[in-house]
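The structure appears right after this line, and notes come after that.
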Amino acid sequence: MTLHLILNGMPVSCECGPSEPLLEVLHERLNVRSPRRGCDDSYCGACSVLLDGQLVHSCTVLAAAFDGSDVVTAEGLMKDGRLHPVQEAFLRHGATQCGYCTAGFLMAAVAVLNESRTPSPNEIANAMRGNICRCTGYQKIVHAIHDVARQGEGGDFA
Amino acid sequence: MTRVVGQPVIRSDAWRKVTGASYYTVDVTLPAMLVGKLLRSPYAHARIVHMDISRARQVPGVAAVVAGNGRASPWGGHIWDQPVLPADVVRYRGEPLVAVAAESEAAAEEALRLVEVVYEALPSVFDPEQAMEPGAPLLHPQMMEYWRNEAVCRPIPGTNAVNRTRFRVGSVTTGFSEAAAVVEATFTVPGIEHVTLEPTAAVAWWERDDRLTVWTSTQCPFVVRDQLAHVVGLPLHKVRVIVPDVGGGFGGKGNMRIEPYAALLSRECHRPVKMVHSRYEEFVGSTIGHPAKIRIKLGATRDGVLTAIQTTAFYDTGAYGDSGEMVSWQGGLGGAGPYRVPHVAIDSYAVYTNKVPAGAFRGMGWPQMLFAIESAIDMLSARLQIDPVEFRLKNLLENGDRFVTGEVLESVTLRECLLKAREAIDWDAPTPPNRGRGVALVMKSSVNNSTASAVVKIHEDTTVQLVIGAPEIGQGSHSAMAQIAAEILGVAYDAVEVTNPDTAFSPYDRGAISDRTTFHLGQAVYEAATQARQQLLAAAADWLEANPADLEICEGYVMVKGVPARTAPLAAVARRAYRVKGGPIIGEGRHLEEGIVPLDPLTGQSPKAVSHYKYGAQAVEVEVDRELGMVKVLRVVSVHDCGRAINPIQVSGQIEGAVVQGLGLALWEALQFEDGQVMNPSLMDYHVPMAPEIPEIVPILVECPHPHSPFGVKGIGEPGIIGVAPAVANAVSRAVGIRIFDLPLAPERVLRALQATQGRAR
Ligand code: FES
Ligand code: FES
């Protein structure tokens, strides 16, 4: 079938088989690489994207069922050439090391900030329960997101 | 005063990582690229009686099938014991024995299904201590014929012990006779998986004129180059290893992994072949951290002065050495812990078993060893009714003390680290019931010999290219190296670009391992930048008609000291060097730690065993749920001497990440084996720490500059993982009075121990 998506604000379309995971469609057909494959089993969260505003693991979502949907990835977080406040905070706080998990955490961060403008560090950590980071120990990630929450600058970017 | 060094600059690769612009090996795509897959052994130990790959070759879309070791030499780290694809015997479940390259994954898998193999099962052995008993099945009867590096690999002939490292100081018989209290215990540490988020991945392209180019996710491009050249029989200049961004290493990517299979497949069809491990393959077919069994006997006088220690450690290295010899060698160095002990007997073994090979893992044998030692120290202090911190303060190593190698230690900061930890964890404050605090000391040796080199090129506009051979694996070394170069050259930090390694262009480096990058490569970068600076000043001196010694670089200008009017813009100086005077500015630096002497094989004595040691202390507070057996860590204080922090944010990032891996080892992580099979090969069944489980972590830096390193740096990548598990076990003991000897401190184990003490109480 032909799949239509609004990808990072732009209408796109591509061919898509009935059993193709969204992650594969993004990688192989749409050349979007920031959602990463870390497990393929819905345990690591490296492939997280926002699908119609919801945080999902794109490795286990069948793309064909979401024709016409809105997909946001880390590539779509910048606005007018400027980093999203969460991206800025990740830089400031040293919340990325190897970076393989980072796009997934950014999407989880945007999701939790969209849900509650002022999440506490505990709420943030809980919202990250579907994402593994093996490098940072999570503390700097939580601090970075909390920094954005405190300044109330999360915005409704995504 | 430094301008760039010591500043919390934003790491140079962060922008690409937060915008999705990073480029890992898994992203590498080439024209006509094939996908490669492996057939893995279902047997722990078996003879290959018959193998037929002819039907696999006929599957449409299959371009190459390789099997048997005929065209590839055995390889390894310090012992060449591993066939690329075994022709006669498989030694662990998961060992690759056939590789296929095809147009699609489905075709490759279909081909693998059609491979016929007839096995004859051989007796197998899974426990390292049993594997050393006489009559145990031998994994490598030909072990003594393999090439090996004698300095760190001393097998015991006729056994499965691929290495024994020994230390002997004084006489433990005398030492124990002087002791008023002696504790004896056996500790076990399970195997753990690195779980790098980016799995093992490589793309190999063997062109028709026998040039092999490999893109790979590795910590050590030059090691991979050397190993590949060795197994496929090409000279070094025909093998080119390129490292894109790397999604984590932790020791798991220090040797050749999947690269030789991709290379052998590409040799058959001269098309690029890409191979990426599934998560399952990461568990069953990459290397793991060593399971270990460690016996400790430790004695002290009534006043709590240590008199003797006897340590026997068995590191279960699985079917092949990989880096197990080095792990047991390094772990053996820690066999008396960071303590002054007059009588020492340490035997540290790496032993073959029929399990997935264990290799390097952050900490190199020290996390296991110090779990045992630091637990035993608390047992002994409890026996003597001495506060565990006081007990440690009485016995810890200080400047000028002799280590188990006999070498005199310098720049030792254990006391300072422990005092800071004690204060920050509020050691003396009362705790509510079921809560307790525990401490553990940290020590770690860096690699023994390690070669590093660097090139600094100054472009015509005075921006700088820093060319190094150590990959950025997340540890932040690219930006630390850029900070060092910028500092010396007098340019802005962001005027320095660090190039990802490419063995064709980068100068040699041993790799991103063993906390060595900042210490060893840092010295090479320091020297390269200093050379380039001298060339710049020489070019300017001629122009300004001044003596180079009278010049300084400041904010984009070269100026004559004290004469503000006589300046030349740096960019103009650099351009002039290209066109008029002296040629392009290129500085070179190299570093090889000198004076390192191999350990005496019988006593472990050496005037200098490794480049340097690192010191620290961990303190934790825990709460134990007596009903559920759950241990909750409430707070971790992690104090480390990094010598000098090049970038404080990166240093605390290394500590926090390592501490969380330490918590994983303490509480959750364990590969479960049954008959050599990994029973929990998924992220569902193998639990790595997750964000909601993480307590507050307080990293504290002690900065005692190393006398011989650039700006005084010491390594900081590994120490944070060491000492966390024993600090937790010690805290649990102080909270509820149970001693756990086996990691992890899982609820069942804690409950069982609680029930046992309650049984005794009744
Ligand atoms: S790749 Fe989707 S959760 Fe791991
Ligand atoms: S930064 Fe490496 S896994 Fe998170």
Under 5 Å, built H, 5+ apart or other chain: amide partners of A:Glu20: A:Ala63, A:Ala64
Going by Cα centres, segment A:26-83 and segment B:67-107 are how many Å apart? 36 Å
Karplus 3J(HN,Hα) series, Hz, for segment B:434-442 with 6.51 cos²θ - 1.76 cosθ + 1.60 (x for Gly, Pro): 6, 10, x, 10, x, 10, 7, 8, 10
Inter-part distance where segment B:156-171 and segment B:674-750 are each reduced to a Cα centre, Å: 28 Å
Please list the three semi-axes, largest first and in whole Å, of the ellipsoid equivalent to segment B:1-63, using sqrt of 5 times the eigenvalues of its alpha carbon gyration tensor. 48, 21, 9
Quick one: which of B:Lys608/B:Lys632; A:Lys140/B:Lys293; B:Lys17/B:Lys714; B:Lys37/B:Lys238; B:Lys17/B:Lys293 span more than 32 angstrom between C-alpha atoms? B:Lys608/B:Lys632; A:Lys140/B:Lys293; B:Lys17/B:Lys293
Note to self: C-alpha centroids of segment B:252-306 and segment B:20-61 sit apart, in Å, by 20 Å
How large is the translational diffusion coefficient of segment B:588-699 in µm² per second when you combine the Kirkwood radius over alpha carbon pairs with Stokes-Einstein at 25 °C and 0.890 mPa s? 136 µm²/s
Computed [θ] at 222 nm, deg cm²/dmol, chain A (DSSP H ≥ 4; -39,500 (n - 2.57); rounded to nearest 500): -8000 deg cm²/dmol
Given R₀ = 30 Å, what would the calculated FRET efficiency be for A:Met10 paired with B:Trp15, taking r from the Cβ atoms and rounding to 0.05? 0.85
Using the beta-carbon distance between B:His270 and B:Thr29 and R0 = 22 Å, what value does 1/(1 + (r/R0)^6) give for FRET efficiency, to the nearest 0.05? 0.80
Within segment B:278-324, what whole-number % of the accessible surface is contributed by carbon and sulfur, with the 1.4 Å probe and all protein chains included in the calculation? 49 percent
Straight-line reach only, C-alpha to C-alpha below 22 angstrom: list the lysines that B:Lys581 could link to, leaving out same-chain residues fewer than 8 apart. B:Lys457
Throw me the Rg/Rh for chain A, computed over C-alpha atoms with Kirkwood Rh, two decimals. 0.96
Solvent-accessible area per residue, Å², over chain B with all protein chains present [probe radius 1.4 Å]: 34 Å²
Placing each pseudo-label 7 Å from Cα in the direction of the beta carbon, B:Tyr578 and B:Asp550 end up separated by a distance in nanometres of 3.0 nm
So what is the relative contact order of segment B:468-600, in percent, for Cα pairs below 8 Å that sit 6 or more residues apart? 26 percent
Ratio of Rg to Rh for segment B:32-122, alpha carbon only, Kirkwood? 0.99
Compute for chains A and B the buried accessible surface, both sides summed, probe 1.4 Å, and express it in Å² to the nearest 100. 3600 Å²
If you take all C-alpha pairs in segment A:85-151, what percent of them are over 14 Å apart? 47 percent
Report the per residue volume, in Å³, of the convex hull enclosing the C-alpha atoms of segment B:629-762. 148 Å³
Which Rg and Dmax, in Å, describe the Cα atoms of segment B:284-423? 16.1, 50
Okay, helix-only estimate at 222 nm for chain B: each DSSP H run of n ≥ 4 adds -39500 (n - 2.57), divide by all residues, round to 500 deg cm²/dmol; what do you get? -8000 deg cm²/dmol
Would you work out the charge dipole size for segment B:32-122 about its Cα centre, treating the Cβ of every Lys and Arg as +1 and the Cβ of every Asp and Glu as -1, and quote it to the nearest 20 debye? 80 debye
Mind giving me the nanometre distance, one decimal, between the label points for B:Asp542 and B:Arg626, set 7 Å out from Cα along Cα→Cβ? 8.3 nm
For chain B, taking Cα atoms only, what is the radius of gyration to one decimal and the Dmax to the nearest whole Å? 26.9, 92
Per residue in segment A:104-153, which ones lose no less than 30 Å² of accessible surface when going from chain alone to all protein chains (1.4 Å probe)? A:Ala125, A:Arg129, A:Ile132, A:Arg134, A:Cys135, A:Gly137, A:Tyr138, A:Gln139, A:Lys140
Rg over Rh, two decimals, segment B:566-621 (C-alpha only, Kirkwood Rh): 1.42
Over segment A:85-151, what relative contact order in percent results from Cα pairs under 8 Å that are six or more residues apart? 51 percent
Largest first, please: the extent of the C-alpha atoms of segment B:505-600 along each principal axis, to the nearest Å. 61, 30, 20
Computed on Cα atoms, the radius of gyration and Dmax of segment B:657-719 in angstrom are 17.4, 51
At a Förster radius of 25 Å, what calculated FRET efficiency corresponds to the Cβ-Cβ distance of B:Thr567 and B:Glu497, to the nearest 0.05? 0.45
Please check segment B:260-303 for residues whose accessible area, probe 1.4 Å, is lower by 10 Å² or more when all protein chains are in place than in their chain alone. B:Arg279
Taking the Cα-to-Cβ direction at A:Ser19 and at B:Arg211 and moving 7 Å from each Cα, how far apart do the two end points lie in nm? 4.2 nm
Quick one, can you get me the convex hull of the C-alpha atoms of the protein assembly as shown expressed as volume per residue in Å³? 179 Å³
Run through segment B:546-576 and list the trypsin sites (Lys or Arg not before Pro) located in a DSSP loop whose Cβ has at most 16 other Cβ atoms within 10 Å. B:Lys561
Over chain B, relative contact order from alpha-carbon pairs under 8 Å, at least 6 apart, %: 15 percent
If I require 24 Å or longer along the helix axis, counting alpha carbons, and a Kyte-Doolittle average no lower than -1.0, what helices from chain B are left? Use full DSSP H segments. B:366-383, B:522-544, B:648-667
Mind listing, in residue-number order, the residues in segment B:652-669 that have at least 50 Å² less accessible area with every protein chain present than in their own chain alone (1.4 Å probe)? B:Glu656
Chain A: angle of helix A:139-151 to the longest principal axis, Cα-based, in degrees nearest 10: 80 degrees
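The values are calculated or read from the model by the stated rules, or taken from the named source; none is laboratory data. What you see is a predicted model, and the numbers here were worked out from it, not measured in a lab. Glycine gets a Cβ as well: all are built from the backbone with ideal geometry, and neighbour counts include every protein chain shown. SASA here: full protein model, heavy atoms, side chains in, ligands and nucleic acids out. Shrake-Rupley method; radii C 1.70, N 1.55, O 1.52, S 1.80 Å.
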